[in-house]
Amino acid sequence: MKYKILSNKWRPQTFDQIIGHKYIIKIIKNSLDLKRIHQSWLFSGMHGVGKTTIARILAKSLNCKTGITSRPCRICSHCIDIEKGKFLDFIELDAASKTKVEDIKIILDSIQYPPIQGRFKIYLIDEIHMLSRHSFNALLKALEEPPRYIKFILATTHLNKIPDTIISRCLHINLLHISLIKISRYLKDILDQDNIHIDEEILNAISNSAQGSIRNALNTLELITSSMQEKKLKKKNIYKILGVFDKKKIFILADNIINNNINNIFKILDDVENMGIQYDQIILSLITFFHNLSIIKITESLKDSPKKNLSVYNHKIYILSKKILFKDTQIYCKILIQGRKYLKYSPNPRIGIEIIFLQIYQYIKENNNFQ
Ligand SMILES: Nc1ncnc2c1ncn2[C@@H]1O[C@H](COP(=O)(O)OP(=O)(O)OP(=O)(O)O)[C@@H](O)[C@H]1O
Ligand SMILES: [Mg+2]
Ligand SMILES: [Zn+2]
């Protein structure tokens with residue numbers, strides 16, 4: 001059988017297989033079941049959260065031979081052709097390569113012809129933000145009042161570049177990032193089905209590095225599982241692939257920050273550099289670390305018997321949290337977040353991250369806030 005990359009192998013084919021977007025899926029299913037279907041849809045959201053996937057399921061739902069349905073049958077010739085990318089009335093276009101008004105005019109000319117195969121002729125126009133201003137203008141009328149057999153589905157990762165006039169003519173659906181927990185659970189399900197075991201800590205690290213995108217997570221998982229076939233990968237090497245520092249090292253770094261040991265901090269930065277890890281990743285991991293620490297500090301202090309039910313790692317964080325004031329955890333997070341924003345303006349990333357640590361160093365020196 002032809003090898004399929006994970007993200008294609010696992011592309012959901014029904015609404016029920018979509019991860020996250022619970023309420024949005026409910027709304028789409030309802031509108032299909034009630035047969036109240038908008039003529040133009042706009043899906044926005046970051047890469048790999050399901051825009052194209054949902055658009056394709058929608059195309060099946062509108063053209064399934066069993067009738068307009070929120071549960072396309074997947075066995076009629078229309079459903080099968082759409083899944084194979086061969087359905088004549090489902091036209092997928094990449095606006096990035098058709099930005100000119102002439103290109104759009106050709107598309108608009110073709111909407112006067114009714115569908116050949118299906119109930120609806122559906123245009124999925126991806127990367128719609130790439131269109132020129134003239135092209136957007138040319139599209140306006142078609143989006144508002146297309147022939148009844150035409151449906152438009154627009155998709156974009158850059159909503160801010162879409163004119164309001166376009167947005168207001170569409171049913172706009174914004175797909176949010178997928179939560180870390182949902183991504184982790186999904187990856188575990190996939191691995192279970194293939195009988196592959198990966199440490200939970202690593203799954204969490206993969207999910208974290210995906211930054212809300214399921215495609216990112218699947219691609220990283222693919223990279224890691226394909227290297228695992230040769231030999232069992234050591235955690236250290238997996239973290240290298242992920243380009244992140246492992247949990248223990250982040251803990252040590254945070255400990256040194258809290259103890260204001262600037263020499264050790266700079267030594268750890270040398271390790272980061274040698275491992276080829278991006279400084280931005282370190283800053284992100286530290287923000288997450290101090291945020292978790294502040295939550296553990298505050299929630300444990302409210303309990304009658306603190307530290308019960310804490311994992312070994314969180315217990316270590318709890319002990320560390322006693323050395324720092326709650327207010328300071330927030331200040332560190334703030335310095336890290338602001339520093340990250342300005343990283344790109346520093347002469348180089350190393351200087352950028354050193355500036356951040358020196359700011360924290362100076363803050364601690366001035367306040368001497370050990371607890
Ligand atoms: N919500 C989701 N549930 C399950 N799998 C998903 C989801 N979103 C994305 N995926 C996985 O990621 C792959 C890519 O998704 P999709 O093509 O829908 O992303 P997209 O939002 O259109 O991204 P892009 O902006 O890059 O076009 C899918 O094949 C699927 O495996
Ligand atoms: Mg897409
Ligand atoms: Zn069907």
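The values are calculated or read from the model by the stated rules, or taken from the named source; none is laboratory data. Remember, it's a predicted structure, so these values are computed and weren't measured experimentally. All Cβ positions, even for glycine, are placed from backbone atoms using ideal geometry, and neighbour counts span all protein chains on display. Just so you know, the surface numbers come from the protein's heavy atoms only, side chains and all, with ligands and any DNA or RNA stripped out. Shrake-Rupley method; radii C 1.70, N 1.55, O 1.52, S 1.80 Å.
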**Complete:** Note on region 180-242: alpha-carbon gyration tensor, axes a ≥ b ≥ c; rule is a/c under 1.5 for rounded, else prolate if a/b larger than b/c, else oblate; result oblate
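Which FRET efficiency value, to the nearest 0.05, is calculated for Gln362 and Leu310 with the Förster distance at 41 angstrom and r the Cβ-Cβ distance? Walk me through the numbers on the way to the answer.
Working: r = 33 Å, r/R0 = 0.80.
The value I calculate is 0.80.
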**Prompt:** What is the count of Lys pairs in region 45-119 whose alpha carbons sit under 19 Å apart, if the two are 8 or more places apart or on different chains?
**Reply:** 6
**Request:** Go through Thr220, Gln362, Ile82 and say which Cα lies farthest out towards the positive end of the charge dipole of the chain; charges sit on Cβ, +1 for Lys and Arg, -1 for Asp and Glu.
**Result:** Ile82
**Message:** Can you tell me the length gained on complete extension of the stretch Glu200 to Ile241, counting 0.36 nm per residue apart and subtracting the Cα distance?
**Reply:** 13.1 nm
**Prompt:** Out of region 292-371, which trypsin sites (Lys or Arg not before Pro) are coil in DSSP terms and have no more than 16 other C-beta atoms within 10 Å?
**Reply:** Lys303, Lys307, Lys308, Lys322, Lys323
**Asked** Helix 214-228 versus the longest principal axis of the chain: what angle, 0 to 90°, nearest 10, using Cα atoms?
**Response** 70 degrees
**Request:** For region 7-69 and region 155-225, compute the distance between their C-alpha centroids and round to whole Å.
**Result:** 16 Å
**Message:** For a protection proxy built on the mean count of beta-carbon atoms within 10 angstrom, sort 178-191, 271-284 highest first, please.
**Reply:** 178-191, 271-284
**Prompt:** With θ set to phi - 60° and the Karplus curve 6.51 cos²θ - 1.76 cosθ + 1.60, what are the ³J(HN,Hα) couplings of region 67-78 in order, to the nearest whole Hz, using x for Gly and Pro?
**Reply:** x, 5, 8, 7, 10, x, 6, 6, 10, 6, 5, 5
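With charges only on Cβ, +1 for K and R and -1 for D and E, what is the dipole size of region 84-231 about its Cα centre, in debye, rounded to 20?
680 debye
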**Request:** Have a look at Tyr332, Ser346, Ile298 and report the one farthest towards the positive end of the charge dipole of region 247-367, computed about the Cα centre with Cβ charges (Lys/Arg +1, Asp/Glu -1).
**Result:** Ile298
**Asked** Hey, how many Å between the Cα centroid of region 260-275 and the Cα centroid of region 117-134?
**Response** 50 Å
**Message:** Just to be sure I understand: with springs between alpha-carbon atoms less than 10 Å apart, which residue in Ser44, Ser77, Ser285 has the highest mean-square fluctuation in the Gaussian network model of the chain?
**Reply:** Ser77
**Message:** Taking θ = phi - 60°, what integer Hz values does the Karplus form 6.51 cos²θ - 1.76 cosθ + 1.60 yield along region 113-120, in sequence order, with x for Gly and Pro?
**Reply:** 8, x, x, 8, 9, x, 7, 10
**Prompt:** Out of region 1-90, which trypsin sites (Lys or Arg not before Pro) are coil in DSSP terms and have no more than 16 other C-beta atoms within 10 Å?
**Reply:** Lys2, Lys4, Lys35, Arg36, Lys65, Arg74, Lys86
**Fill in**
Nearest 10, in degrees from 0 to 90: the angle of helix 180-193 to the longest Cα principal axis of the chain is 70 degrees
**Message:** Explain nothing, just compute: Karplus ³J(HN,Hα) = 6.51 cos²θ - 1.76 cosθ + 1.60, θ = phi - 60°, for every residue of region 324-335 in order, whole Hz, x for Gly and Pro.
**Reply:** 9, 6, 4, 4, 6, 4, 5, 5, 4, 4, 5, 4
**Added length on full extension, which subtracts the Cα-Cα distance from 0.36 nm per residue, Asn261 to Lys334** = 24.3 nm
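In the chain, what percent of the accessible surface is made up of carbon and sulfur (1.4 Å probe, ligands and nucleic acids excluded)? Intermediate values should be presented prior to the final figure.
Details: 10750 of 20210 Å².
Percent of accessible area from carbon and sulfur atoms in the chain: 53.
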**Fill in**
Once the in-chain neighbours fewer than 8 apart are removed, the aspartates and glutamates whose Cα is under 17 Å from Lys341 read Asp280, Glu354
**Asked** Just the accessible area per residue of the chain, please: how many Å² with a 1.4 Å probe?
**Response** 54 Å²
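Calculate for the chain the 222 nm mean residue ellipticity that helices alone would give, adding -39,500 (n - 2.57) per DSSP H run of length 4 or more and normalising by residue count, nearest 500 deg cm²/dmol. Working shown, then result.
Numbers: 17 runs with 205 residues, N = 371.
About -17000 deg cm²/dmol.
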**Prompt:** Rounded to the nearest 20 Debye, what is the dipole magnitude of the chain about its Cα centre when Lys and Arg each give +1 and Asp and Glu each give -1 at the C-beta?
**Reply:** 640 debye
**Cα-projected label distance for Leu325 with His38, points at 7 Å along beta-carbon direction, nm** = 5.0 nm
**Asked** Non-local amide H neighbours of His172 (under 5 Å, H modeled in plane, Pro and chain starts lacking H): which ones?
**Response** Leu42
